[in-house]
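A.B. asks: The structure's right below; bear with me while I get my questions together.
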Amino acid sequence: MSDESQAALVRAGERRAVEVRAAVPAEYEAVGEIVVEAFSADGQLDAPDAAFYADVLRDVASRASAAEIIVALDDGVVVGGVTFVPHGGPMADIAQDDEAEIRMLGVAPDAQGRGAGTALVRECIARSAGTRRIVLSTQTGAHGAHRLYERLGFRREPARDWAPVPGVDLLCYVLDLGYPAVP
């Protein structure tokens, strides 16, 4: 596993590593439940039609056919997951030409703060080689996520903020990777 695919964990004075890799179908249910739990814990499922979106978050198998599902494991147990959209397609919400997109990132609340979210984002960055930029959307109240993205070099792009449904305002963050646009 590369350095880009690991993050340091500190628990009870012991340093351990989060493993980050492609999810296998047997892990899809756990990923879906973890992402729903993470979104619920910080109020991201408080909107009126949140039950619908919680079902979308749980349906990892459907999005795995159109995107990459990446998991973070702690001692072999799934503690987080992300949907990575490398080249647009049906799972892209805001990605434009030559942009990858990070979607549905969640870490189990009891595993947060130990590097799993950082490791997942770094893995998405590593998988974006040759892409001009990475984009993502995040809710206005997800302040911990905002700090993570900013710490990893993402910047706000307010012109691309959007609302998928009334009452759910999403902020756009981008990370320029320095690769020229593909003609």
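Bear in mind these aren't lab numbers, they're just calculated from the coordinates by the rules spelled out. Since we're looking at a predicted model, the values are computed, not measured. Reconstructed Cβ throughout: ideal geometry from the backbone, glycine too, with neighbour counts over all protein chains shown.
A.B. asks: Can you tell which of P48, L120, A17 lies farthest toward the positive end of the dipole of the chain, using +1 and -1 charges on the Cβ of basic and acidic side chains (Lys, Arg; Asp, Glu)?
C.D. replies: Farthest along the dipole direction, towards plus: A17.
A.B. asks: Multiply the residue gap between A61 and D161 by 0.36 nm, knock off their C-alpha separation, and tell me the result in nm, one decimal place.
C.D. replies: Details: separation 100, 0.36 × 100 = 36.00 nm, distance 2.78 nm.
Additional length available on full extension: 33.2 nm.
A.B. asks: Now a separate question. Over the C-alpha atoms of region 3-176, what are the Rg and the largest Cα-to-Cα span, Dmax, in Å?
C.D. replies: Rg then Dmax for region 3-176, in Å: 15.1, 46.
A.B. asks: Another one. Let me know the charge dipole size of the chain about its Cα centre in debye, to the nearest 20, where only the beta-carbon of Lys, Arg (+1) and Asp, Glu (-1) is charged. Walk me through the numbers before you get to the answer.
C.D. replies: Numbers: 17 positive and 28 negative charges, 112 e Å.
Using Cβ point charges on Lys, Arg, Asp and Glu, the chain gives about 540 debye.
A.B. asks: Which percentage, to the nearest 5, of the DSSP beta bridges contained in the chain is antiparallel?
C.D. replies: Working: 31 of 35 bridges.
The antiparallel proportion sits near 90 percent.
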